[in-house]
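Reviewing the structure listed below.
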Amino acid sequence: MSEAVAGVLSSLDKIVFDSETIQRRVAEIAAEIVRDYEGQELDVVALMDGALFFVVDLLRSVPLPVRVHTVSVRSYHGGTSSTGTVQLLQRMPAGLEGRTVLLIDDILDTGLTLATVQDQLITACQPATLRTAVLLRKQRPREREPQVEYVGFDIPDEFVVGYGMDYQGHYRNLPCIGVLSESAI
Ligand code: 5GP
Ligand code: MG
């Protein structure tokens, strides 16, 4: 292991899911999606930046006709808990009317992000169908409870980083998911 990698990993208190476990589960979700959408064309809406790594790995294992759209949203503003307001940094993608849409995010926490984006997608884009996939779902009471059809893992209510998830812009490129140590925050 290089010193740089060891340095980053030493910022973690514990590893929650290692890379192999994540990849195995992502492949299972991909298989579910392929089965559910067989014979259909999909429009994927990926929430940036957190879902970046999940969506790329997932879609590599989904051999269906897929168009990929991204929407940038912000709710944490660099901290370790939601600000309670969701900022959509751009408009919803065009051309989703009557389409089969799959919304993808990294993690379901307070529920505000996904509920807000789902509301927007339904009213502004009028897709034929809308389903949602998340890699992680925190077990906690939520402010909104958006409908989510595909869930990778349920986790305790802890702030995690890695595999797309950041703390102040860092740690997204960790292949595993872990909990940051107090000293790294
Ligand atoms: P929600 O709106 O459900 O509270 O939060 C959703 C967004 O907050 C996610 O898309 C993700 O970007 C961010 N988020 C929520 N929990 C965590 C976490 O434990 N770690 C990181 N890095 N981001 C999180
Ligand atoms: Mg996010």
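The values are calculated or read from the model by the stated rules, or taken from the named source; none is laboratory data. This one's a predicted model, so the numbers in the text were calculated from it and none came from an experiment. Cβ atoms come from the backbone with ideal geometry, glycine included; neighbour counts cover every protein chain shown. Keep in mind that these areas ignore ligands, DNA and RNA; they rest on the heavy atoms of the full protein, side chains included. Shrake-Rupley method; radii C 1.70, N 1.55, O 1.52, S 1.80 Å.
Given the chain, report the % of alpha carbon pairs whose separation exceeds 29 Å.
20
Roughly how many Å² is the accessible area per residue of the chain, as a whole number, for a 1.4 Å probe?
50
Around Gly164, under 11 Å between beta carbons, what's the net of Lys plus Arg minus Asp minus Glu among the other residues?
Here the charged neighbours net out to -4.
When the Kirkwood hydrodynamic radius is evaluated over all pairs of different C-alpha atoms of the range 1-86, what value in angstrom, to one decimal, is obtained?
For the range 1-86, the Kirkwood estimate is 15.6 Å.
Please report, in debye to the nearest 20, how large the charge dipole of the chain is about its Cα centre when each Lys and Arg carries +1 at its beta carbon and each Asp and Glu carries -1 there.
The dipole of the chain has a size of about 280 debye.
Sort Ser81, Ser181 by heavy-atom solvent-accessible area, probe 1.4 angstrom, most to least.
Ser81, Ser181
Can you report the principal axis dimensions of the range 79-179 using only the alpha carbons, biggest first, rounded to whole angstrom?
Cα spread of the range 79-179 along its principal axes, largest to smallest: 40, 25, 25 Å.
Report the antiparallel proportion of the DSSP beta bridges in the range 1-133 as a percent, rounded to a multiple of 5.
Of the beta bridges lying entirely in the range 1-133, close to 10 percent run antiparallel.
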